[in-house]
Amino acid sequence: MEEVTNVTETAPALPPLLERRVRQRQPTVSVLKSKLKQGVTCSVPRVRSTLTGFFPVVKWLPKYKLREYVWGDVMSGVIVGIILVPQAIAYCLLAGVEPIYGLYTSFYANIIYFLMGTSRHVSVGIFSLMSLMIGQVVDREVFLAGFDLNDDFKASALPDVFNGSIDTNLTVGKLHTVELMGQQCGKECYAISIAAAVTFLAGIYQVMMAVFRLGFVSVYLSAPMLDGFATGASFTILTVQAKYLLGLKIPRHQGYGTVVVTWINIFANIHKTNLCDLITSAICISILVGGKEIQERYKDRLKIPLPTELVVVAGATLASHFGELNSIYGSSVSGHIPTGFIPPQVPRFGLMSRVALDAIPLAVISFAFTVSLSEMFAKKNGYTVRPNQEMLAIGCCNIIPSFFHCFTTSAALAKTMVKDSTGCQTQVSSLISAMVVLLVLLFFAPFFYALQKCVLACIIIVSLRGALRKFKDVPAKWRASRNDAIVWLVAMSATALISVEVGLLVGIIFSMMCIIYKTQNPKVSLLGRASDSDLYEDVDEYKNLMPPPRVQVFRFQAPLYFANKDTFLKSLYKAVGVEPFLEMTKRRKAEKKAKEMSLKQAKANGDKNNGEVVIGLVKRELEFHTIVLDCAAIPFIDSTGMATLKGLVKEYKEIGACILLASCNTSVIDTLQKGQFFGKNDKDMSSLLFHTVHTAVLYANSTYAALERSEDSVV
């Protein structure tokens, strides 16, 4: 009784006086005029700012600390260049083009990123995933053009490049040609034309994304999705390269299910395995894996990474040349790699309509990997990068090199980590790496003629160890977040079993569906009060909480919009135990039954007023008189959500309960005001909206107590 007395004596709690700021929006026309005037204004400071923004090197290079930075930059640049050369040659197997174009791509990309990039540590160049995606497009178009995908150069006698004699007119796949822009084009020419066209379009897309500030697109590429996508693509890369390990002449499968079909073809042709390639592959993989293990085990003692790839390439090339493995055992070799540069050529615009859609995933993935790596290493080393400039830089790293017979580039994690661990300070290291590649292009490229393709495949496969090891992390991912683990598995499976492009699309759609599912099935709870404080929390999660008497406090932890309004209503009805429609139905049935009984009694007693008295007594008393909606976890509502709240207020009012809102953010309040939720001119705002849950509870109890007193006085 004392508690009831205290409650009834509590004065109505007035909400704190918080006055919203009045914000006047400027007219759209004046805003556009101001921005247009600012955009066309030309001055010396503006030109300087634009120049330094477009070419960040102009800003940081004059401040270069020679004594402090040069040793780390030279060391990391040389080491990355040494790693880059064999990888650039190897990844051309994935891209379906000749090895020389991988060297071109690595050279130009490093030069351009040195001028335009804002990250000091990112290594931009040839990347296995980009090469795979390019190779799928190239092989498809080459096949549709009528070229034989089995076409492979077989030399009857190996040219003696080590003694300086080589036929520079050697060509591959020239038996069949197609006309391209008035010129006859062979298989090699057509393949690099397709790759350059895709690269040009991908760069254009990236520059357009930078101009229109569309960098936010990358937020839809969640980390679990990207991780699963990269792992699935790595499994596809391993499958595509497996035939080279065995020396099998199997064309790359066109269409979906590359992994499954390729493995079926491999086992169907396993009896044709080239023993020379198989033995070479086993030796090279053993050396490469051994070198990686030593590097990981003694990374604290080793100041620089072991150049295992270069050692394997040099040793395998010498063994292949002096052992005449191509002519005697029929082992596939890289073939002639010319020195110098090919004259630039405009990308074939006639091919772009065929590959316009293929360039979209290339542009998005290339940008996503570059920006995420640049931000990761910038945060690690204590500086900032500009994502929009990174997108512009990687776009130019694709557009400009496409005129020089290059294919799509991206930042590569492995080489970036090498740069970071070997003391890289600035992008001068990228310039040094480009010089290393330039030396190979000018002098040493022909010496890779005898290098077996199985050796290049070994380099590619061993480089996938990190991505394939992600399978071991699946149990830990599952324990940490089942949602993230499922997204990873779906993206990985779709990429590996269907195709890379479909895997990317499936991963994005599925991860977004998971977010939508979360908003449609959020956590809901009833709140209780902690002792005598004004703190209210979930009664199922915390101990010693007391629900306020005759008041239900309900929390909904998601936005309230068209997709989850039904979930909101069902969860609220279940939590408070009363659904207005069913309650009204029960009352009508009770009233109908009571009326029938009163009529029977009236007929029996001859009394005409008894029925009305009985009907007045059938109203059921609810266990609560107020529902307080804690809106702190509702970030926004739409018109459907607002209509849902309006309906709730009306329905519960009909059964004698009221709805109060607490802890709404300004966005929700504005939406409710625009929809006249609080009545005309917000006349009911002070009685429906409260800044805290506790204020709403006090107001509800004091109002109900005042109502009871007035009813008692009337009686």
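The values are calculated or read from the model by the stated rules, or taken from the named source; none is laboratory data. Computed from a predicted model, the values in this text were never measured in an experiment. Every residue, glycine as well, gets a Cβ built from its backbone with ideal geometry; the counts of neighbours run over all protein chains shown. With ligands, DNA and RNA removed, areas are computed over all heavy atoms of the protein, side chains included. Shrake-Rupley method; radii C 1.70, N 1.55, O 1.52, S 1.80 Å.
The table below gives the values:
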{"read-out": "S30-F349 FRET efficiency (beta carbon distance; Förster radius 51 Å; 0.05 resolution)", "value": "0.75"}
{"read-out": "The stretch 448-546: GluC sites (Glu not before Pro) in DSSP coil with no more than 12 other Cβ atoms inside 10 Å", "value": "E541"}
{"read-out": "Two-decimal Rg to Rh for the stretch 447-519 - Kirkwood Rh, Cα set", "value": "1.18"}
{"read-out": "Distant-in-sequence amide H partners of T626 (H built 1.01 Å from N, under 5 Å)", "value": "Q552, C658"}
{"read-out": "Accessible solvent surface per residue of the stretch 493-536, calculated while the other protein chains remain in place, 1.4 angstrom probe, Å²", "value": "52 Å²"}
{"read-out": "Sequence ranges 123-130, 338-345, ranked by mean other-Cβ count within 10 angstrom, highest first", "value": "123-130, 338-345"}
{"read-out": "Protection proxy ranking, peptides 388-398, 61-71, average beta carbon neighbours within 10 Å, highest first", "value": "388-398, 61-71"}
{"read-out": "Rounded to 5, percent antiparallel among DSSP beta bridges of the chain", "value": "50 percent"}
{"read-out": "Sequence of Y517, Y101 from largest to smallest accessible area, 1.4 Å probe", "value": "Y517, Y101"}
{"read-out": "Principal-axis tilt of helix 275-297 within the chain, Cα atoms, nearest 10 degrees", "value": "60 degrees"}
{"read-out": "Residues of type lysines that K674 reaches as a straight line, Cα spacing below 17 Å, ignoring anything fewer than 8 places off in the same chain", "value": "K646, K683"}
{"read-out": "Computed E for R479/K518 - FRET, C-beta separation, R0 25 angstrom, nearest 0.05", "value": "0.85"}
{"read-out": "Nearest-10 value in Å² for the accessible area of H691, using the 1.4 Å probe", "value": "80 Å²"}
{"read-out": "Surface accessible to a 1.4 Å probe, per residue, for the residues of the stretch 352-403, Å²", "value": "37 Å²"}
{"read-out": "Cα-projected label distance for R587 with F143, points at 7 Å along beta-carbon direction, nm", "value": "7.0 nm"}
{"read-out": "Residues of type lysines that K600 reaches as a straight line, Cα spacing below 30 Å, ignoring anything fewer than 8 places off in the same chain", "value": "K586, K589, K592, K608, K619"}
{"read-out": "Ordering of 356-367, 73-84 by burial proxy (mean other Cβ atoms within 10 Å per residue, highest first)", "value": "73-84, 356-367"}
{"read-out": "Accessible area of the stretch 287-338 divided out per residue, in Å², using a probe of 1.4 angstrom", "value": "56 Å²"}
{"read-out": "At q = 0.22, 0.24 Å⁻¹, base-10 log of I(q)/I(0) for the stretch 667-714 (Debye sum, equal scatterers on each alpha carbon)", "value": "-0.82, -0.87"}
{"read-out": "Rg followed by Dmax, in Å, when the chain is reduced to its Cα trace", "value": "35.7, 130"}
{"read-out": "Lysine pairs within the stretch 390-549, Cα separation less than 22 Å, 8 or more sequence positions apart or different chains", "value": "4"}
{"read-out": "Protein accessible area in the chain, 1.4 Å probe - carbon and sulfur %", "value": "61 percent"}
